[in-house]
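Visitor: Take this structure first; my questions come after.
The values are calculated or read from the model by the stated rules, or taken from the named source; none is laboratory data. Just so you know, these numbers come straight off a predicted model, no measurement behind them. Quick reminder, even Gly has a Cβ in these numbers, built from the backbone with ideal geometry, and neighbours come from all protein chains shown. Areas reflect the complete protein model, heavy atoms only, side chains present, ligands, DNA and RNA absent. Shrake-Rupley method; radii C 1.70, N 1.55, O 1.52, S 1.80 Å.
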Amino acid sequence: MAAVGESTRCFHCGLSAEVATRCEGEIQGVVRSFCCSGCRAVCEAIHEAGLEGFYERLQRREATLMPPPEAPADLDQYDLPEIQSEFVHSMPDGRREAHLLVEGIHCAACVWLIEKALGGLPGVDFAEVNLAQQRLRVQWGQEEVALSAILRRLAALGYAAVPYDTESREGLLRRQNRKLLFRMAFAGFGAMNIMWISIALYAGAFTGIDVEQRRFFHWVSFAIAAPVLLYSGWGFTVSALRGLAMRYLTMDLPITIGAWTTFGYSAYQTLWGRGEVYFDTVVTFLFVILVGRYLEAMAKRSASSATVRLLELQPRMATRLTAAGEERVPVRKLVAGDRVLVRPGDKVPADGTVAEGRSHVDESMLSGESLPVRKQVGDKVSAGTVNSDGSLTVEVAVTGSGTVLSRIIHLVEAAQGSKADVQQLADRIVPWFVLTTLILSAITFLFWFSKDFDTALLAATAVLIITCPCALGLATPMAITVSAGVGARRGVLVRDGRALERLADITHVVFDKTGTLTEGKMRVVDAVAVDGMEVDRLLTLAASVERHFRHPIAQAVAGDGRVKRYLDCQDAQSFGGLGVSGRVEGQPVLLGNRHFLEKQRVEIPREVSDIQQRIEDGMGVAVLVAVDGHYVGVLHVQDRLRDGADKLLQMLRGQKLAVTLLTGDSERAAARLVDQLGGMRVIAHMLPEDKSKAITALQQQGERVLMIGDGINDAPALAQADVGIAMGSGTDVSMQCSDVVLIGNELPKVSWAIRLGRQALRTIRQNIAISLLYNMILVPAAMAAMVTPVFAAIAMPVSSLLVIGNAILIRQRMRGEELRWM
Amino acid sequence: MDVIYGLIPGMILLGLVSVAVFFWAVRNGQYEDMDGPAHRILDDDDLDDPDTKP
């Protein structure tokens, strides 16, 4: 009998070691407890390699570990030249280099561990971890060490690594952002230096200045402003001209006109050695606008990565059965009619039908359902799903782009491509703003032209300078950046800043069921015992047998909180998904469905049928238990509603939003959920493709749809919806397709996120109003030829500062919101 | 005040040098990982080596 202490912590990761999965291992002669076998294996590997300094480093930083991620299967495939060609960079001297995306890096101690462990492998030249981006750059000699050996080493230490082709994934976006950063930095340098010159000039304007020195300062300003305008302002000029060619007034047009006329006028003044110059205005203006653009670019996400993650799910190699025996071939070479062998743990390489064998297949990536599905001869299997217990021979029916997985990839791509850039509030105002400015400037020039040319030119330019849309350019990015920051601190990660604006006027909320509204994990929700058996005793007996199996139902029973200790169980045996048996304290214990127990000659009382019917009506699973050949009770195992689901729906209804539930289950199962949560529309029997179609249908009715989901099957719908929110516990793919991720899986935060979006939109509107108001006051002054350089230098930053200050206030405003939902 | 004729171009030149350094640093990936290197330098010593312990 194994006694169990309540507060045992895992020696490796420090999490509490729960009874269900706990195990012991000997580390340096001392027996330690671990929360799972994964942690034990990693800990042993670390000590074997003599890298136990890792734990001390961990402690020093007060960092905590997590249990290691599941190791990727089939690492040998990465040694094949045809697969390596996709991501490995070969050097002229025969060395090879690759970037790997590493899962499981927590802190700097992990950096040390990885670099130290890989550096110790013969043949590895260097390994360099990027902590911020969780990436690893590794260089090795092909003759001395195989890439699979490097990956295996990482897996042993508890890190799952997949190759990552940096160039094709985000090369273009990164280069664009980098260019923007350079332009901003150069404008910043110009602004800082020209400021000193300007201060000297302004001081001179008040106290008197030598004419020669003033000319010198003008020329220096010119020398700084010209390269800034040409280099930093080049992007605006090009895009303004392009916009003009396409007959569209963009924000870049007033920027370009403002910058060039101001610069041209100042250059003209400098050349003839008279009057005032506005070079400093040109440079600071460009700098501020570039800051806004950079913030905007940072808040944007790259759209490509979701499909790449999906492609990662596709197996690359398959075992083909031929007359000569087995052979390993790339999946691309498979044709319809081929027979492939799928071993336990392998991914199914292509869509097809089972020709031989029987097994359970984990189809959670397609259906979102956590229970493995039974497959036998004649059943259909899909590419990318994982075979769990028995070997299967599959006759290939469809390969490549025809598989269900490929269709999902297509849907995601199509949805992302079709999502037209919704015109943002500021964009709608800009053309009118530009037109008005140009007309006002022209009127000013014509009015003063009758008096004298110089005043006319000065006044007309002043109108253009004053209306420079600094504040307008900052209005949206500042509000979005601050809101995203506020969200991140509350566990609402905004991946696409612009989605916040769209979030504000959502009319319809669509939920996925499994894994989103429910936890996506099986739990024992009820237990009924008969024949003088106590419920606790029943659960203990069941858990003692079930803890030897990995099936989700077995894990649910074994991990139940009411089980205080496990009894010794001998001869634990599984009967292919029907049931399990074992011998506890000398008594044979049977667990399984009714059919299984009857087959083992257990007599089942009549009233059990009613209980079973009730459980199965609600899509639960009834696990019947028999001890020593007598029926003793039944366990009701079911996926449970997430905490706060009812609260969220209440809040959404309070916000007058329509709610729809999408589920792959039957209407009957969904009906039970609706009973618990209250009124919502339900669409049942949903295939992955149907989900995005359902969203499209809603959108065609004029609804603005918010989709909340977690699985790969939700990915197309998340991409299709106006805003997609993914659960933090969900699949990577769903997160990549979404605009917002809920880190802590707390459902009530959906409502909070909507309020954050509304707050962001309100602030953007205020900001636009501020900048327009500023123009309404100052433009008349400029038209009256009353604006001097000093006046412009003071007035212009004020509008930008007001906009920035107003955006920062979002933090305070959301503080009130927090209290309301907590 | 004639000194400014030399100092101001000098200031701009120095500024340009720092801009060039910044461009080089970004291209060279110096800003790619803002957290890792700060720790890495502290981890170079072997903890178990008695000589390095204070």
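Visitor: Checking A:P92 against (1) surrounded by fewer than 16 Cβ atoms within 10 Å (Cβ to Cβ); (2) in contact (Cβ under 8 Å) with a residue 12 or more places away in the chain, only one condition comes out false. Which one?
Guide: So the condition that A:P92 fails would be (2).
Visitor: Now for a different question. Taking A:L101, is it touching a residue at least 60 places away in the same chain (Cβ under 8 Å), away from every other protein chain (no Cβ under 12 Å) and either open to solvent by 20 Å² or more (accessible area, probe 1.4 Å) or at positive phi (or both)?
Guide: Values: touching a residue at least 60 places away in the same chain (Cβ under 8 Å): yes; away from every other protein chain (no Cβ under 12 Å): yes; either open to solvent by 20 Å² or more (accessible area, probe 1.4 Å) or at positive phi (or both): yes.
The answer is yes for A:L101.
Visitor: For segment A:710-745, what are the residues that are among the small types (G, A, S), crowded, with 24+ Cβ neighbours inside 10 Å and either closer than 18 Å to A:A488 by Cα or within 9 Å of the chain's Cα centre (by Cα) (or both)?
Guide: Passing the criteria: A:G724, A:A726, A:G730, A:S734, A:S738.
Visitor: Follow-up question, since we're still on this one. Show the residue pairs meeting these rules: Cβ distance below 9 Å; 6+ apart or different chains; first residue within segment A:250-267 and without any contact (Cβ under 8 Å) to a residue 24 or more places away in the chain and part of a helix (DSSP H, G or I); second residue basic (K, R) and open to solvent by 30 Å² or more (accessible area, probe 1.4 Å).
Guide: A:D252/A:R242
Visitor: Separate question: In segment B:5-45, what count of residues is obtained for those that are facing chain A (nearest Cβ under 7 Å) and modelled with pLDDT under 70?
Guide: The number of residues fulfilling the criteria is 1.
Visitor: Let me ask you something else. Hey, does segment A:195-206 have a residue that's at pLDDT below 85, more than 14 Å from chain B (Cβ to nearest Cβ) and in contact with a helix residue (DSSP H, G or I) (Cβ under 7 Å, 6 or more places away or on another chain)?
Guide: Yes: one or more hits.
Visitor: Could we say that A:G258 is within 13 Å of chain B (Cβ to nearest Cβ), over 38 Å from the mean Cα position of the chain (by Cα) and at pLDDT below 85 here? Walk me through it before giving the result.
Guide: Details: within 13 Å of chain B (Cβ to nearest Cβ): no; over 38 Å from the mean Cα position of the chain (by Cα): yes; at pLDDT below 85: yes.
For A:G258, the condition - within 13 Å of chain B (Cβ to nearest Cβ), over 38 Å from the mean Cα position of the chain (by Cα) and at pLDDT below 85 - is not met.
Visitor: So which residues in segment A:289-312 are modelled with pLDDT of 75 or more and surrounded by 22 or more Cβ atoms within 10 Å (Cβ to Cβ)?
Guide: Across segment A:289-312, the qualifying residues are A:I289, A:L290, A:G292.
Visitor: Has segment A:165-182 got any residue that is assigned to a helix (DSSP H, G or I) and buried (at least 22 other Cβ atoms within 10 Å of the Cβ)?
Guide: Going through segment A:165-182, the residues assigned to a helix (DSSP H, G or I) turn out to be A:166-182.
Of the ones still in play, those that are also buried (at least 22 other Cβ atoms within 10 Å of the Cβ) are none.
No; the residues of segment A:165-182 include none that is assigned to a helix (DSSP H, G or I) and buried (at least 22 other Cβ atoms within 10 Å of the Cβ).
Visitor: For the list (1) in contact (Cβ under 8 Å) with a residue 24 or more places away in the chain; (2) of a type in the set (A, V, I, L, M, F, W, C); (3) open to solvent by 10 Å² or more (accessible area, probe 1.4 Å); (4) in a helix (DSSP H, G or I), I need the number of the one condition that A:I777 fails.
Guide: Result: A:I777 fails condition (1) only.
Visitor: Going residue by residue through segment A:632-645, is there one that turns out to be part of a helix (DSSP H, G or I), out of contact with any His (no Cβ under 6 Å at 6 or more places or on another chain), over 17 Å from A:D739 (Cβ atoms) and open to solvent by 10 Å² or more (accessible area, probe 1.4 Å)?
Guide: Within segment A:632-645, the first condition is being part of a helix (DSSP H, G or I), and the residues that meet it are A:645.
Checking which are out of contact with any His (no Cβ under 6 Å at 6 or more places or on another chain) leaves us with A:645.
From what's left, over 17 Å from A:D739 (Cβ atoms): A:645.
Narrowing further to those that are open to solvent by 10 Å² or more (accessible area, probe 1.4 Å): none.
Looking for residues that are part of a helix (DSSP H, G or I), out of contact with any His (no Cβ under 6 Å at 6 or more places or on another chain), over 17 Å from A:D739 (Cβ atoms) and open to solvent by 10 Å² or more (accessible area, probe 1.4 Å), one finds none in segment A:632-645, hence no.
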